[in-house]
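> The structure that follows is given in the form of structure tokens.
All of the numbers you see were taken from the coordinates with simple rules; none came from a lab. Since this is a predicted model, take the numbers as computed values, not measurements. Ideal geometry is used to build each Cβ from the backbone, glycine not excepted, and the neighbour counts take in all protein chains shown.
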Amino acid sequence: MHSELLDLVNKNDEVIGTIDRLDYERMLADNLGYIRASDLFLLNSEGKIFVPIRTADKHHAPNGFDYSVGGHVSAGEDYLTAIIREAEEELNISLAPDDIECIGKDISDTSRYIRSIYLVRSNETPQYNPDDFKSAQWMYPSDLVTSIDKGHPTKSSLKYTVEMLENYLKN
């Protein structure tokens, strides 16, 4: 994990200060507030999502499934700007705000994250950053959930968020 200044927010997503990403465990222990993240799914016309596998050296979920794109919202940044920045860093793709659909927001009292969840529809297979991911594949959401249920390592919020995506796509 590396140092990064993040906004510290209350449950209403109002900024109440800043905190270094390295102080996450202290934030949890001392119940200081929440931090923000943005996550995005790339969805192709077959209904498959682009699912990268994290590198083995990642602090959280090494060798695990990840969002197509995801990351912390830096101090002073908004959710949409963060996901556009992360898409460039992790998948080498340039997104415009009009390319992105917001599918929802999630507040976790356990992990103390407030996350905005986004969707981009694309048939292009991106070139992922090898510093972040060791491989990637297009998967049906149901197959991803089945793999998670069978014990494949994953980010803890991914299964729930895939289900959020599936509900969004039904409407």
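> Can you return the lysines within cross-link range of LYS58? Criterion is Cα-Cα under 21 Å, with same-chain partners fewer than 8 residues away left out.
Within the straight-line cut-off, LYS58 pairs with LYS134, LYS155, LYS159.
> Oh, and also: Net charge around VAL145, counting only other residues with Cβ within less than 12 Å of its Cβ (Lys, Arg = +1; Asp, Glu = -1)?
Around VAL145, the surrounding residues sum to -2.
> Using the Kirkwood formula over every pair of different C-alpha atoms, what hydrodynamic radius in Å results for the chain?
16.3 Å
> Any idea how far apart GLN137 and ASP98 come out in nm if each label point goes 7 Å out from Cα toward Cβ?
Once both label points are built, they end up 3.6 nm from each other.
> OK, next. Using only DSSP helix segments of four residues or longer, with each worth -39500 (n - 2.57), what per-residue ellipticity at 222 nm results for the chain after dividing by its residue count and rounding to 500?
About -7000 deg cm²/dmol.
> Further question on the same structure: So how do 72-84, 26-38, 9-21 stack up, highest first, on mean other-Cβ count within 10 Å?
Final packing ranking: 72-84, 26-38, 9-21.
> Sticking with this one: For the pair GLU124 and ASP30, how long in nm is the line joining their label points, each one 7 Å along Cα→Cβ?
Simple spin-label model gives 4.4 nm for this pair.
> While we're on this one: What is the distance, in nm, between label points placed 7 Å from the Cα along the Cα-to-Cβ direction at LYS105 and at GLU46?
Distance between the two pseudo-spin positions: 3.6 nm.
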